[in-house]
Ligand SMILES: Cc1ncc(COP(=O)(O)O)c(C=O)c1O
């Protein structure tokens, strides 16, 4: 391996012998699907997040879907979210025949603007809830959103896909609204390959989600095979989904959970490194140096007036130096599906569009070595200098 030339991937999971051994144990146990590993993962996750219920699922997308269903969202309802997110956040609203209503972002944080959200709520009484997304691990203004929840009697479902384990006013993000959903997708802050977790203190919603997570069966799989009641005896109480987390994935999640705060410390150190290296560059606008940030993503913006190239060409040059770069996010309102269905114009969400046109994401994960970080920093600095506008 040549540390000077090898490609540095944009994201890479941190897997150790602990995860390997945990998986082997499950493989040899004779029980691969949802069972006691998933149960234990849920118990440990509920304790970690200080919530009454944690439900392991096969993705954050399924978790968001289950939560909206449990909150009674249905055809004709409206749910507010931001267009500056991954499609999962909005597509789950569509799964239920409801419509997403987008509120523009706060340009400093990339998160949903409570002011824009309030404008929509003022005009539209058919809104049932809000899905705030803590982009990159930066907490949304939950105090302001909770005020809106109270005033308009709506639910808050936190999309915490980027923000485990980040605290806000002493509580973990995801545990502040009516429910929160975490993602354990391969690039996330802790991972099970694919997977997710719902947390909630609403016990009737938890019950509903637990039934709908497995075909609408009134008994959990593990219970069917361990209790005195025969395993073949169950009732279908609704047309549910197949969203359960298998034990193989859960066993990885349990080990990752133990490392979550260590991973966060490492990501914070990398963010500090980037801030130090880039602080004097006049062609970059750095993300806000917020103390309780999860740094799932590090998202600087180029300052177009200072450069002779577009963002796309700027990152193309960095990629050519062997660095994995990504862009979060292509706004949903300019994606063909949402654009055509709701007749959006690009300028409908000006702050979202401005952020998208200038932003890029740098690698930020615990396994990055010092050499790799130095290479990334040099690539960004040299690219900026070579494209700097001189007059
Ligand atoms: C903001 C956001 N929400 C939800 C999801 C969906 O997560 P999953 O892949 O676990 O379904 C993602 C995935 O990248 C995401 O970025």
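Every read-out reported here was derived from the displayed coordinates using simple, explicitly stated rules and does not represent laboratory data. Just so we're clear, the structure is a prediction, and the values are computed from it rather than from any experiment. Every residue, glycine as well, gets a Cβ built from its backbone with ideal geometry; the counts of neighbours run over all protein chains shown.
Data for the structure
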quantity: Nearest-0.05 FRET efficiency for residue 17 and residue 108, computed from C-beta distance (R0 51 Å); calculated: 0.80
quantity: Contact order normalised by residue count of the stretch 17-257, Cα under 8 Å, 6+ apart, percent; calculated: 28 percent
quantity: With Cα atoms, 0 to 90° folded angle of helix 114-123 axis to the chain main axis; calculated: 60 degrees
quantity: Computed FRET value (nearest 0.05) for residue 345 with residue 186, which takes r as the C-beta separation and R₀ as 56 Å; calculated: 0.95
quantity: Fluctuation leader among 113, 210, 227 - the chain, Gaussian network, Cα springs under 10 angstrom; calculated: 227
quantity: Taking 108, 91 and counting other C-beta atoms within 10 Å, the order from fewest to most; calculated: 108, 91
quantity: Relative contact order (%) - the stretch 260-386, alpha-carbon pairs under 8 angstrom, separation at least six; calculated: 33 percent
quantity: Rounded to 10°, Cα long-axis angle of helix 370-386 versus longest principal axis of the chain; calculated: 50 degrees
quantity: Anisotropy class of the stretch 57-137 from Cα gyration tensor, a/c 1.5 cut; calculated: oblate
quantity: Spatial extent of the stretch 1-43: Rg and Dmax, with the Cα atoms as the point set, Å; calculated: 16.3, 46
quantity: Potential lengthening between residue 308 and residue 286 on full extension [0.36 nm per residue; Cα-Cα distance subtracted]; calculated: 6.0 nm
quantity: Most mobile of 265, 69, 37 in a GNM of the chain (Cα contacts under 10 Å); calculated: 265
quantity: Dimensionless Rg over Rh [the stretch 272-391; C-alpha; Kirkwood]; calculated: 1.00
quantity: Angle between the chain longest axis and helix 203-212 axis [Cα atoms, degrees, rounded to 10]; calculated: 90 degrees
quantity: When the chain is reduced to its Cα atoms, the Kirkwood hydrodynamic radius in Å; calculated: 22.0 Å
quantity: Residue exposure sequence - 212, 245, 299 - by fewest surrounding Cβ within 10 Å; calculated: 212, 299, 245
quantity: Added length on full extension, which subtracts the Cα-Cα distance from 0.36 nm per residue, residue 371 to residue 228; calculated: 45.7 nm
quantity: Highest-fluctuation residue, 125, 246, 287 considered, GNM on the chain with Cα pairs under 10 Å; calculated: 125
quantity: Share antiparallel - DSSP beta bridges, the chain, percent rounded to 5; calculated: 60 percent
quantity: The stretch 210-311: projected area of the alpha-carbon convex hull, averaged over directions, in nm²; calculated: 11.5 nm²
quantity: Sequence of 197, 209 once ranked by neighbouring C-beta atoms within 10 Å, starting from the fewest; calculated: 209, 197
quantity: Evaluated over the stretch 25-166, the Cα radius of gyration and Dmax, each in Å; calculated: 16.7, 58
quantity: Using a Förster distance of 41 Å, the FRET efficiency for residue 261-residue 237 (Cβ separation, nearest 0.05); calculated: 0.55
quantity: Point-to-point label distance, residue 167-residue 24, nm (Cα→Cβ direction, 7 Å offset); calculated: 3.7 nm
